[in-house]
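S.K.: Take a look at this one; I'll ask things after.
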Amino acid sequence: RQGLGAPTRLRWRAETLSGTLEALQSGAADLALGVATDAAVADIQTAPLGTLRMVFAVAAHHPLAQHSGPLQDADVRAHRAVAVADSTQRGRGVTHNLLLGQDVLTVPSMQHKLQAQLRGLGVGFLPWPLAQPHIDAGRLLVKPMASGARQVPVSYAWRRPTANAPMGQALRW
């Protein structure tokens, strides 16, 4: 951007779950979009972006597609879940919406999760905006859960500038 003097360079990277905040804390990223946490983290500031609607989706040819009525945990536990791997390099990471004793296929990204579910390799929650074109086309079916709907608050986050790590041009921009 010309108002800052030298050109501002942006580099995009993909992180998932707690790996997103880890990238901020380590200085590997200055800004994170779509952070799904409400936990306070030292030296990290957040601001809300909105709420993401999650839907439990199955391939049209998956056995759960024939199930009528809201799904109970026992119905879902009998089928493999597709989960996105946490990209954190430290610790065990986090998981969401997995049931104790359920088989799990872990994939590296939400796009991979979508593709696995479209192929009937497993089931799970997907963001509505990602799943909607496939729902509209009849490739995925939304199944109601007895436990209710899922809404995930999402934010953007950035590191607080310090004397040792001042705010970079991209973040000022």
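Throughout, read-outs are computed from the coordinates displayed, never taken from laboratory work. Note that the structure is predicted; figures quoted are calculated from it, not measured. Don't worry about glycine lacking a Cβ; one is built from the backbone with ideal geometry, like all the others, and counts go over all protein chains shown.
S.K.: Mind listing the phi-derived Karplus ³J(HN,Hα) values for the range 100-109, rounded to whole Hz, using 6.51, -1.76 and 1.60 with θ = phi - 60°, and x for any glycine or proline?
M.R.: 4, x, 7, 5, 9, 9, 9, 10, x, 8
S.K.: Residue-wise, which Karplus ³J(HN,Hα) couplings in Hz belong to the range 133-140, taking 6.51 cos²θ - 1.76 cosθ + 1.60, θ = phi - 60°, and x for glycine or proline?
M.R.: x, 7, 5, 4, 7, x, 7, 10
S.K.: Right, here's the next one. Amide H neighbours of L105 under 5 Å, counting only residues 5+ apart in sequence or on other chains, H built in-plane at 1.01 Å?
M.R.: A81, V82, A83
S.K.: For S147 and R172, what is the calculated FRET efficiency with R₀ set at 25 Å and r taken between the beta-carbons, to the nearest 0.05?
M.R.: Numbers: r = 43 Å, r/R0 = 1.74.
Efficiency, rounded to the nearest 0.05: 0.05.
S.K.: Turning to a different aspect of this structure: With r as the distance between the Cβ atoms of V154 and Q66 and R0 = 30 Å, compute the FRET efficiency 1/(1 + (r/R0)^6) and round to 0.05.
M.R.: Values: r = 33 Å, r/R0 = 1.10.
According to the calculation, E is roughly 0.35.
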